[in-house]
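The values are calculated or read from the model by the stated rules, or taken from the named source; none is laboratory data. Since this is a predicted model, take the numbers as computed values, not measurements. Counting neighbours? That spans all protein chains shown, and the Cβs are built from the backbone with ideal geometry, glycine included. Side chains are part of the model used for accessible areas, which takes the heavy atoms of the whole protein and leaves out ligands, DNA and RNA. Shrake-Rupley method; radii C 1.70, N 1.55, O 1.52, S 1.80 Å.
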Amino acid sequence: MTDEKREIELLSLIANSVMYLRKYFWIILIFLSVGLTIGAVDYFYGRNYYRTNLIASSPVVNNQIVYEIAEPIKYYLKNELYDSVAKEIGIDVSTAQSIREIKLDTSISQAVVITIDLYNKEDILVIQDGLIQYFNEIPYIKSTIVKRRLELEKYIKLLDQEIDDLNEMQVAVLNSIFKENSQKMVSAGGLFNEIVILYEKKIELEQEYNSLKSFTLINNNLVFITQKSLKKNLMVYGIVGLFVGLLFSGMIDISKNVRKKLRS
């Protein structure tokens, strides 16, 4: 196909498109206007909702388990089973009805980002407390914390015993330093280094033990972002109206061509 032929076909396509739009201009304009009107009505009279993020952290989080555990709540919300939502997270039904949607992001290590869409910002404190309590009641979380704490207690007790034994040895060595040669001094120094290493290890284990907690919120300053925008509404509904107008015009045009062929 030559460049000249391509240009002719392109010009023909443009001409046909312009003719089509001129032919069904009023139909397309009516649907576009209806779409814009619906968008404006939805903005001014529709129910607005807000979005905020909660970040909950726990050192024993298994992201997949947390994600799966939250699935029932998301299902209940999707199907407007607010009595079930209220029962699961320990809130009243009217507060549950304020929740539009809940999403979870478990891609962060040892944390989960909970995105909440809700209609009433004043309900967020009750909702977040209910959700944190819900996650903390997960048997896996409870059992993992208990198991790890028992392990750490055992390790710390063994370290304490080793430190006591080394301290006794060090005292014995120091008492005999002046009775024997200087090699004892080297031995005492080595014992001291071992004791320091064991103390450092004990501190690490104690820090891990103290950090073994269930879910806690780590962001206290919540930011609410309104999800309704006049510009966004007009754009979305306008595009939908335009698309429907073009589709409806196309159906009319095809119908006319079919009838014309049937007559000929």
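Yes/no per residue for (1) among the hydrophobic types (A, V, I, L, M, F, W, C); (2) under 30 Å from residue 151 (Cα atoms); (3) not in a helix (DSSP H, G or I):
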{"position": "208", "(1), (2), (3)": "no, yes, no"}
{"position": "228", "(1), (2), (3)": "no, no, yes"}
{"position": "232", "(1), (2), (3)": "no, no, no"}
{"position": "235", "(1), (2), (3)": "yes, no, no"}
{"position": "251", "(1), (2), (3)": "yes, no, no"}
{"position": "255", "(1), (2), (3)": "no, no, no"}
{"position": "261", "(1), (2), (3)": "no, no, no"}
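Take residue 39 and decide whether it is modelled with pLDDT of 80 or more and on the phi > 0 side of the Ramachandran plot.
No.
The rows are residues; the columns are (1) modelled with pLDDT of 85 or more; (2) of a type outside the set (D, E, K, R); (3) in contact with a Gly (Cβ under 6 Å, 6 or more places away or on another chain).
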{"site": "111", "(1), (2), (3)": "no, yes, no"}
{"site": "124", "(1), (2), (3)": "yes, yes, no"}
{"site": "134", "(1), (2), (3)": "yes, yes, no"}
{"site": "141", "(1), (2), (3)": "no, yes, no"}
{"site": "149", "(1), (2), (3)": "yes, no, no"}
{"site": "155", "(1), (2), (3)": "yes, yes, no"}
{"site": "169", "(1), (2), (3)": "no, yes, no"}
{"site": "172", "(1), (2), (3)": "no, yes, no"}
{"site": "178", "(1), (2), (3)": "no, yes, no"}
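Name the residue, out of 85, 66, that is assigned to a helix (DSSP H, G or I), within 30 Å of residue 146 (Cα to Cα), open to solvent by less than 70 Å² (accessible area, probe 1.4 Å) and in contact with a Phe, Trp or Tyr (Cβ under 6 Å, 6 or more places away or on another chain).
Going through 85, 66 in turn, the sole match is 85.
So, in segment 43-63, how many residues would count as being surrounded by fewer than 17 Cβ atoms within 10 Å (Cβ to Cβ), modelled with pLDDT of 75 or more and out of contact with any strand residue (DSSP E or B) (no Cβ under 8 Å at 6 or more places or on another chain)?
Total meeting the criteria: 4.
Spot the failing condition for residue 39; the list is (1) farther than 25 Å from residue 240 by Cβ; (2) in contact (Cβ under 8 Å) with a residue 12 or more places away in the chain; (3) surrounded by 18 or more Cβ atoms within 10 Å (Cβ to Cβ), and only one is missed.
Of the numbered conditions (1) farther than 25 Å from residue 240 by Cβ; (2) in contact (Cβ under 8 Å) with a residue 12 or more places away in the chain; (3) surrounded by 18 or more Cβ atoms within 10 Å (Cβ to Cβ), the odd one out for residue 39 is (1).
Within 30 Å of residue 48 (Cβ to Cβ) and open to solvent by 80 Å² or more (accessible area, probe 1.4 Å): does that describe residue 125?
So residue 125 passes the test.
Across segment 88-102, what is the number of residues that are open to solvent by 30 Å² or more (accessible area, probe 1.4 Å) and either at pLDDT below 90 or assigned to a helix (DSSP H, G or I) (or both)?
Of the residues in segment 88-102, 3 are open to solvent by 30 Å² or more (accessible area, probe 1.4 Å) and either at pLDDT below 90 or assigned to a helix (DSSP H, G or I) (or both).
Does segment 69-82 hold any residues that are more than 18 Å from the chain's Cα centre (by Cα) and surrounded by fewer than 18 Cβ atoms within 10 Å (Cβ to Cβ), and which are they?
79, 80, 81
Looking at segment 216-235, which of its residues are within 30 Å of residue 28 (Cα to Cα) and either open to solvent by less than 70 Å² (accessible area, probe 1.4 Å) or modelled with pLDDT under 80 (or both)?
The answer is 227, 228, 229, 230, 233, 234.
Taking residue 187 as the residue in question, decide whether it is modelled with pLDDT under 85, in contact with a helix residue (DSSP H, G or I) (Cβ under 8 Å, 6 or more places away or on another chain), in a loop (DSSP other than H, G, I, E, B) and at negative phi.
no
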